[in-house]
Amino acid sequence: MKHFTLPVSPASVHWGYFSKKVSPALTLRSGDRATIETLTHHANDDYERMIANDPGAESVFHWTREHKAVVRRGAGPTEGPFIRGSGEGVGVHLLTGPVAVENAEPGDVLEVRILDVRPRPSCHACHAGRCFGSNASANWGFHYHDLIEEPKPREVITIFELDTSGEPFAKAVYNYVWTPQTDPDGIVHPTIDYPGVRVDHTTIKKRENILTNVKVPARLHFGTMGLAPSESDFVSSIPPSYTGGNIDDWRIGKGARMYYPVAVPGAFFSVGDPHAAQGDSELGGTAIETSLTGDFEFILHKHRDLGGTPLEGLTHPLLETDKAWSVYGFTYPNYLAELGADAQTEIANHSSLDRAMRDAFRKLRRFLMTVHGLSEDEAISLMSVGADFGVTQVVDANWGVHGTLRKNIFRCD
Amino acid sequence: MSFRPFTSESYSESDRLEAWRDVLSAVGLAPSAGSVLHTGHATASRRTAEGIVLARFAAGAQAVSPLSQAADDMPIVLLPIEDGVTLRTGTGHQIVSTGHLLLLPRKGDWSVAFPRDMRAVILSVTSEAFHGRKVGKPVFDEVRVLAPGGFTEVFSRTLESAARNIETLSDTEWTAVAQSLADLLPTFIRSPTTDTGGTATQAAILHRLCQVIERKLDDPDLTPARVAEAEGISERYLQKLFEGSGSSFTHYLRERRLQRTSAELSNPAEAHHSISEIAYRNGFNDSAHFSRAFRHRFGLSPREFRQQEIERATASAAAAGQRGWPQQALAQLRSHHPLANARKSVAPPQPDLASPCAEGQHLHHHLSVESDRVHWGYFSRSLAPQAEINSGDTITIETLTQHASDDPARMIAGDAGAESVFHWTRDAKNVDRRGAGPMEASVYGRGAGEGFGVHICTGPVAVRDAQPGDVLEVRILDIVPRPSRNPDFEGQVFGSSVAAWWGYHYNELLAEPKQREAVTIYEIFAGGEGDRAESYARALYSYRWEPQTDPFGVVHQTYDYPGVPIAPDTVKRRHNVLDGIRIPLRPHFGVIAVAPRELDFVDSIPPSYFGGNLDNWRLGKGSTVYLPVSVPGALLSVGDPHATQGDGELGGTAIECSMTGTFQLILHKKADLAGRVFADLTYPLIETETDWVLTGFSHPNYLAEFGAKGQSEVYATSSLDLAMKDAFRKMRRFLMNIKGLTEDEAIALMSAAVDFGVTQVVDGNWGVHAILSKRLFEDVRI
């Protein structure tokens, strides 16, 4: 067993997409471990607190008229002229990786264990050692067309501080309404439409004393974790799908084990979109987006060894924690295959919880019948009385409903 | 997107009027001066195109007038739905019934009053819509009321169907529809009402003659002479006209009568009329003659024909997989006589028979379960209370699961209370009404009440001084299971779970036979010491539903009527099911309701603002639910006890297990609500030790939103997407009004810390709940 370290740098990240074409930032073997740094793509909402003097973050976010350290951001076009910028922000998450796993082949399952998760402290003199995150109530939020106060519509950034001295929690510092921001290439961003644009704090009006007396219990987790899909070379990081990705379930934190079906040789695991806390549904469009570092262990399960294990027949991401199993239902379980050539844009027009619930039901039924050997009648009775369905997210185009089964149901003696 | 939904649920009480004004002003209307201002439940769907607004409104009684500053000269078009309106103009009052179209000038002295509910489609077109095209120079300064028929009818129907599909049209489709509505409108203004006529052709006369016949079908003595006279022509000419059309007067008249009769015989809404009544009112005063003529024409006797139609309706309802009232039978609902058929005993037992015993200054009451103390499958504002108690009193309420009949030996036998409720022989059925349907079972023939609602509810309990606008706090102090009283199973506890035809899975089963229902009987085990402290359920056996003949001889092909005793020899029990699996308990009551204000008989299945079938397992021991009181006395009912349930209740039921609850009821008067957590409450609010749980529904108040169609429509249009929207709006309102946050703070907090989950997808009105942890608001020091 080896232990690797993967710090963030322009060379170890890809921004806004999953891809089987990106050269691996790290190659390891089943059983190896890695410490992987991740950055939130919302760090520029408060440059001073979340980027300044942090060499890793500064190197990735570096963008002047002369030089943009990570040019492509999103799965969109990389040839100009651009509406928003290279990659066009079709996908927004800063992902570290990919990590290639030796000998991984399509049909195998990759198990990723999260051994530990730690926040990344600020390096700025005024805030050194303290940890911050940003929450955007954004144009892709569930609330955006249903606001009641003026101005309508509006986007709002709330900066939180994460306190880890005791039971960790987050506390709001200030908020502001998004104002049009001009990036170093001269493109104006009237809404949050391209990641990594530094917000010029002279253009915004900070409102302090917000959410006073409210503390949000921390749920450190990675919103986006997954493998490269086989269908396209560049796949937007926003809609989650059969190889995982932007699942946005806060249960994917320390102690969690995720299982993903491998779609391309080497598996190509990437991780990012770190969150300090999120509620089921991620209603406003984002969590408390906070740079985190994780310790991971990778275990490859070869296709021929899957029979008779909980991974038999797995065609979708699966979560195991100490207490429960969860399957993830989506509006389209594999939107890339189902929606054809325009899938990456089309998916946003079809978002629905009703379809996601249907998918979660089918996945959980399959899990109970295949893995636990139940008859269909047993599976349905058990789902009715012992499985909990919840809203994972309603903001990532391919909406999610998870079905959760407590492990103590099977602990019979 | 040009579509904008509106619901009053988004707004606090103080903001509701202003928000509603905004909605009205979008179509050029304003609340009438001096009329009662509407601040209750309201929904509206609006869609706009250039110069065009189409809106569908559902709100409470109110009156509207023109928004005075509007100056455009195209009229506002208003189409009342379901109920008529009162039109007041400078010259007086006029009642306008449904189907009529009102053209209302943008200025002037008029008002339209909706005496019951405001349910209307409104079209507002301004000259922008015509992009400078000449549409004539309309002069429009007085109100016009257009009767249905002809062009008005075409226009009204287009308008109504456009409004009905307003959410689902794509932008392109909507623009085309909006434009054609706008293009039709000037036709009204250019061509006045008078029919300029032209030559009165023979066809036109014949058409009028047919209309006369149509109006007089009920007259057994209708003769050609009288019809001719009515139209001012000779009888000979009349006969000639009919002959010219290849028929004869007599033949035509009989055909029309038979057609009308057959239509009425196949209409479930007419099912409470006898065949001879229907024949008689269509002009057949000799029933033997009618039967012969009918058989000759349709090949079946009227009785056989009617039976065939009922079966067809049943089959199609089962295919649609929808519970509750079928749409076409709703007319019957309106003709219900309040309470006439409710609980068997018109004079209820003396309130609070079980002698209250003092406990501090508050009294403790006990409501045992027996046939006179329950109402089965419905809520009603008209039921006499079983107990009347004071705020602060505690009460123990015994409840039975309606699924006890799935294994009568284990769950009914030997238990006097359960036996009394479930007693059903060929001669006697102790609780006849089961559901909100007709007592004659004239819709599907399942049995009295038709199983439109299935839960055995104990109560109601009246709370002294409770008035609409108050809030009833129901604290659940304790829940204990009801053990078997059968000597063979003495002390053991059992429950049943049915994967039923209304389950979420039903239309996509994998294994054969498709469309099967499976019943699983569970045994409940109390927790032991230490590590074994958790109580749990284990499956005992299961069986597939087989057609059951109830004691009155009705065959139930599916689980379509509650309390049908299962004959053990008709089903095949399979043991060793769910082997090695034990399910931790979450004892709770699926149904906790106060009586709704809208109707006398409300199906117990869809949950709504009054509580009801919430099916949220968080309603267990130690938790509290706050319910908005809608009728005097509140009238609390409890039932549908569950040993455990998952979020979603996927297969259609939980582990249904009879239980007894102890509750404390606390009344909060409307005047004292300000500043409390449950101020401005329009939905059931759950409080547990650690959380606030807000209940979102597809249709937060389906009775008000859909009016008379509610008890059918709510089953047809449920969706998690709608329920999620409702849960979001309720949580935003709670955070803003109760916790004092701004909208921006509320949304940030919902993203970061509020958990939304699926409550149920099987109760007609699907639910999504929002959970707010109380920990968030503990004191912070940073």
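The values are calculated or read from the model by the stated rules, or taken from the named source; none is laboratory data. From a predicted model like this one, the values you see are computed outputs, not experimental measurements. A quick note on method: Cβ atoms are made from the backbone with ideal geometry, for glycine too, and the neighbour counts reach across all protein chains shown.
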Residues of the stretch A:264-291 satisfying the condition of being within 14 Å of another protein chain (Cβ to nearest Cβ) and farther than 30 Å from residue B:727 by Cα: none
Residues that are within 7 Å of chain A (Cβ to nearest Cβ) and under 26 Å from the mean Cα position of the chain (by Cα), drawn from the stretch B:504-517: B:504, B:505
Residue satisfying all of: in the stretch B:185-201; in contact with a Leu (Cβ under 9 Å, 6 or more places away or on another chain) and at pLDDT 70 or above; surrounded by the fewest Cβ atoms within 10 Å (Cβ to Cβ) among these: B:188
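Restricting the stretch A:340-368 to residues that are among the hydrophobic types (A, V, I, L, M, F, W, C), more than 12 Å from residue A:403 (Cα to Cα) and crowded, with 18+ Cβ neighbours inside 10 Å, which is modelled with the lowest pLDDT?
A:343
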Check on residue A:260, assigned to a loop (DSSP other than H, G, I, E, B) and under 24 Å from residue A:399 (Cα atoms): no
Any chance residue B:765 is under 27 Å from residue A:380 (Cβ atoms), touching a residue at least 24 places away in the same chain (Cβ under 8 Å) and either more than 10 Å from every other protein chain (Cβ to nearest Cβ) or hydroxyl-bearing (Ser, Thr, Tyr) (or both): yes
Failed item, numbered, when residue A:176 is tested on (1) more than 11 Å from chain B (Cβ to nearest Cβ); (2) over 20 Å from residue A:39 (Cβ atoms); (3) among the aromatic types (Phe, Trp, Tyr): (1)
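Quick check on this structure: which one of A:329, A:294 is touching a residue at least 24 places away in the same chain (Cβ under 8 Å), outside any loop (DSSP other than H, G, I, E, B), away from chain B (no Cβ under 14 Å) and buried (at least 24 other Cβ atoms within 10 Å of the Cβ)? Walk me through it before giving the result.
Numbers: A:329 fails: away from chain B (no Cβ under 14 Å).
Within the list A:329, A:294, the selection yields A:294.
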Residue in the stretch A:353-370 that is part of a loop (DSSP other than H, G, I, E, B) and within 14 Å of chain B (Cβ to nearest Cβ) present: no
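Determine, yes or no, whether residue B:343 is modelled with pLDDT under 95, within 18 Å of residue B:460 (Cβ to Cβ) and buried (at least 21 other Cβ atoms within 10 Å of the Cβ).
Details: modelled with pLDDT under 95: yes; within 18 Å of residue B:460 (Cβ to Cβ): yes; buried (at least 21 other Cβ atoms within 10 Å of the Cβ): yes.
Judged against the criteria, residue B:343 is a match.
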Looking only at the stretch B:734-762, and only at residues there that are in contact with a Leu (Cβ under 9 Å, 6 or more places away or on another chain) and farther than 20 Å from residue A:285 by Cβ, the one that is farthest from the other protein chains (Cβ to nearest Cβ): B:734
Unmet criterion (only one of (1) of a type outside the set (Val, Ile, Thr); (2) more than 14 Å from chain B (Cβ to nearest Cβ); (3) under 28 Å from residue A:349 (Cα atoms)) for residue A:253: (3)
Scan of the stretch B:161-181 for residues that are surrounded by fewer than 17 Cβ atoms within 10 Å (Cβ to Cβ), among the β-branched types (Val, Ile, Thr) and part of a helix (DSSP H, G or I), ordered by number: B:172, B:175
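Take the residues in the stretch B:648-668 that are part of a loop (DSSP other than H, G, I, E, B) and closer than 17 Å to residue B:500 by Cα; name whichever of them is farthest from the other protein chains (Cβ to nearest Cβ). Break it down stepwise before answering.
At the first step, the residues of the stretch B:648-668 found to be part of a loop (DSSP other than H, G, I, E, B) are B:649-654, B:657-658.
The next check asks that each one be closer than 17 Å to residue B:500 by Cα; those that pass are B:649-654, B:657.
Values: B:649: 6, B:650: 5, B:651: 3, B:652: 7, B:653: 7, B:654: 6, B:657: 11 Å.
Across the stretch B:648-668, the extreme among qualifying residues is B:657.
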Some residue of the stretch B:96-112 being without any contact (Cβ under 8 Å) to a residue 12 or more places away in the chain and either farther than 23 Å from residue B:130 by Cα or of a type in the set (S, T, N, Q) (or both): no
Test for residue B:728: is it within 10 Å of another protein chain (Cβ to nearest Cβ) and either among the hydrophobic types (A, V, I, L, M, F, W, C) or surrounded by fewer than 24 Cβ atoms within 10 Å (Cβ to Cβ) (or both): yes
Odd one out for residue A:374 among (1) touching a helix residue (DSSP H, G or I) at 6+ places or on another chain (Cβ under 7 Å); (2) closer than 30 Å to residue B:726 by Cβ; (3) not in a strand (DSSP E or B): (2)
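With respect to residue A:346, is the statement that it is over 23 Å from residue A:259 (Cβ atoms) and within 10 Å of another protein chain (Cβ to nearest Cβ) true? Lay out the reasoning, then the answer.
Working: over 23 Å from residue A:259 (Cβ atoms): yes; within 10 Å of another protein chain (Cβ to nearest Cβ): no.
Spelling it out, it is not the case that residue A:346 is over 23 Å from residue A:259 (Cβ atoms) and within 10 Å of another protein chain (Cβ to nearest Cβ).
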Any hit, the stretch A:212-233, residues being at pLDDT below 95, touching a helix residue (DSSP H, G or I) at 6+ places or on another chain (Cβ under 7 Å) and at positive phi: yes
Helices (runs of 4 or more DSSP H) fully within the stretch B:207-312 counting 2 or more residues that are under 30 Å from residue B:437 (Cα atoms) and either at pLDDT below 85 or charged (D, E, K, R) (or both): B:249-265, B:275-281
Sole residue being touching a residue at least 12 places away in the same chain (Cβ under 8 Å) and within 30 Å of residue B:777 (Cα to Cα), chosen from B:690, B:653, B:660: B:690
Residue count, the stretch B:618-652 (criterion: under 20 Å from the mean Cα position of the chain (by Cα), polar (S, T, N, Q) and buried (at least 23 other Cβ atoms within 10 Å of the Cβ)): 1
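Working only within the stretch B:92-111, note down all residues that are within 20 Å of residue B:708 (Cβ to Cβ) and not small (Gly, Ala, Ser).
At the first step, the residues of the stretch B:92-111 found to be within 20 Å of residue B:708 (Cβ to Cβ) are B:95-100.
Within the stretch B:92-111, B:95, B:96, B:98, B:100 meet the criteria.
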From A:249, A:233, residue being in contact (Cβ under 8 Å) with a residue 40 or more places away in the chain, surrounded by 24 or more Cβ atoms within 10 Å (Cβ to Cβ) and not in a strand (DSSP E or B): A:249
Residue match in the stretch B:23-30 (condition: without any contact (Cβ under 8 Å) to a residue 60 or more places away in the chain, touching a Phe, Trp or Tyr at 6+ places or on another chain (Cβ under 8 Å) and surrounded by 22 or more Cβ atoms within 10 Å (Cβ to Cβ)): no
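Scan the stretch B:737-764 for residues that are polar (S, T, N, Q) and either more than 34 Å from the chain's Cα centre (by Cα) or at pLDDT 95 or above (or both) and jot them down.
Kept after step one, since they are polar (S, T, N, Q), are these residues of the stretch B:737-764: B:737, B:742, B:751, B:759-760.
Matches in the stretch B:737-764: B:742, B:751, B:759, B:760.
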Exclusive hit being within 30 Å of residue B:390 (Cα to Cα) and touching a Phe, Trp or Tyr at 6+ places or on another chain (Cβ under 9 Å), set B:562, B:551, B:606: B:606
Residue count for the stretch A:134-156, restricted to those that are facing another protein chain (nearest Cβ under 9 Å) and either within 23 Å of the chain's Cα centre (by Cα) or surrounded by 16 or more Cβ atoms within 10 Å (Cβ to Cβ) (or both): 11
